[in-house]
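One structure is given here, and the rest of the page talks about it.
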Amino acid sequence: MVNAPVAHPPAENPFDTAIAQLDAVAERIGLDPGMRDVLRHCKREFTVNFPVKMDDGSIRVFTGYRVHHNEARGPVKGGLRYSDHVSLDEVRALAMWMTWKCAVAGLPYGGAKGGVIVDPSALSAGELERMTRRFAAEIGLLIGPDEDVPAPDMGTDAQIMAWIMDTYSMMHGHSVPAVVTGKPVTIGGSSGRYEATGRGVMFVTQEACKYAGVPLEGATVAVQGFGNVGSVASKLLRDAGAKIVAVSNASGGIYDEAGMDIDALIAMPRDRASLRFDAPGRRITNAELLELPVDILVPAATEGQIHAANAGNIRAKMIIEAANGPTTADGDRILRERNIYVAPDIVANSGGVIVSYFEWVQDLQSFFWEEAEVNSRLERIIKRSFQEVAALQAKESISMREAAYVLAVTRVVEATTVRGIFP
Ligand code: GLU
């Protein structure tokens, strides 16, 4: 199942959000201006324009990107996004967020991201495969198990990772499973990877509920975005005792105070679900979903959804950022002033890359783990990371986002400092 994007573009340039977040933490920790400048830039920015033969015989040129933000802590890691809204600045922001996400979870990775400007649902299966293989060949200069390990993101899935793994392997004359994560299990994918981001969201919600004093049992939840992350998070939060009262996708949402039948929504054919949710409940817009009177709001779609114009209207007690960058810097300031508890994206959605790390380790060792082991290691790492952030938040009386950024940026600065500046 391809992850379902929310159609409308972000309210502000995501790279502006990312830079504002970095600048704020740089001020807070008194970061050396030269070091701040290093971190404000992405180390490598690769743009490719490449031709693909379409089914009707015509040639179409696609534009794609692969950006490495920082590799001080290890090989770079991050997803590939297929969406109409992909831009160099979006990919830069997402790459920078990967650097912080890996650092806060303690993974031995730097941050990267890539994408192609394309609506994958508008391509045939053959066109999608040819486009993916050509893009994989183009970024083959950068990727590799010791260099840069892509993974799924919005608009991409395990099948697309399989084509990338196969293309890279053909170019090298032997199978290289560790070049991507989020692959099908039959070719070296990890058990539990598909559910990992949503499962991590559930673990973080459990922790956040303890800290914020909101009981998860019976809590009402609205989930924006019903792709890989939103659908799995909905199911697992429901299983943990919460009541999912609203969900949405690119075409809008539904709200039912009685609680939604999540299994029926997941079982619904994607093409029908993408047109409208054929389920009981009141039809609402994505904007209305964010302002519902719920206990927990889970933005699980795209960047910039919570911003200066709507942050004042949010009625949730707690926001669990399952998406990357769902809140702009201005939106965040308003949430802070209003004392709304926010579990920031770089912690809340880190379950995906944590289990990607497990997949990479399993591939490198050719030794595979049971799903129960994957899930319990994920729980241990993501809860420990949350608790470290929460401890700093309490000690310094700052927000969870500020605390997560202080930890992440400090770790990257330490790695850069101890390695030194080449030459
Ligand atoms: N695309 C996911 C993210 O934004 C996963 C990245 C990965 O597993 O490398 O975190």
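The values are calculated or read from the model by the stated rules, or taken from the named source; none is laboratory data. Fair warning: this is a prediction, and the values are worked out from it, not measured in the lab. When we count neighbours, we look across all protein chains shown, and the Cβ atoms used for this are built from the backbone with ideal geometry, even at glycine.
Here D146, D166, D157 are screened, and the one residue that is surrounded by fewer than 23 Cβ atoms within 10 Å (Cβ to Cβ) and within 21 Å of C42 (Cβ to Cβ) is D146.
Of all residues in the range 364-373, none are buried (at least 24 other Cβ atoms within 10 Å of the Cβ) and either more than 21 Å from A300 (Cα to Cα) or touching a strand residue (DSSP E or B) at 6+ places or on another chain (Cβ under 7 Å) (or both). Going through the range 107-147 one residue at a time, which ones are charged (D, E, K, R), out of contact with any helix residue (DSSP H, G or I) (no Cβ under 8 Å at 6 or more places or on another chain) and closer than 24 Å to G325 by Cα? Of everything in the range 107-147, just one residue is charged (D, E, K, R), out of contact with any helix residue (DSSP H, G or I) (no Cβ under 8 Å at 6 or more places or on another chain) and closer than 24 Å to G325 by Cα, namely D119. Being touching a Cys at 6+ places or on another chain (Cβ under 8 Å), assigned to a loop (DSSP other than H, G, I, E, B) and at pLDDT 95 or above holds for only one residue in L292, L216, and it is L216. Only residues that are within 30 Å of A162 (Cα to Cα) and either outside any helix (DSSP H, G or I) or among the charged types (D, E, K, R) (or both) were counted across the range 186-213, and they come to 8. Residues that are of a type in the set (A, V, I, L, M, F, W, C) and part of a strand (DSSP E or B) within the range 219-233 comprise V221, A222, V223, listed in sequence order. Close Cβ contacts (under 7 Å, 6 or more residues apart or on different chains) running from residues in the range 377-405 that are without any contact (Cβ under 8 Å) to a residue 12 or more places away in the chain to residues that are part of a helix (DSSP H, G or I) comprise Q393/M400; Q393/A403; E396/A403. One residue alone among R92, R81 is in contact (Cβ under 8 Å) with a residue 40 or more places away in the chain, at negative phi and within 11 Å of the ligand (Cβ to nearest atom), and that residue is R81.
Filtering M161, M98 for residues that are over 28 Å from V406 (Cα atoms), touching a Lys or Arg at 6+ places or on another chain (Cβ under 7 Å) and in a helix (DSSP H, G or I) leaves a single hit, M161.
Take residues that are within 16 Å of the ligand (Cβ to nearest atom) and at pLDDT 95 or above and tell me which of the helices (runs of 4 or more DSSP H) falling wholly in the range 313-414 contain 3 or more. Let's see the steps before the verdict.
Values: elements: 329-337, 345-348, 351-365, 371-396.
Output list reads 345-348, 351-365, 371-396.
Candidates in the range 136-158 are the residues that are under 18 Å from G227 (Cβ atoms) and among the charged types (D, E, K, R); of these, the one that is nearest to the ligand (Cβ to nearest atom) is D153.
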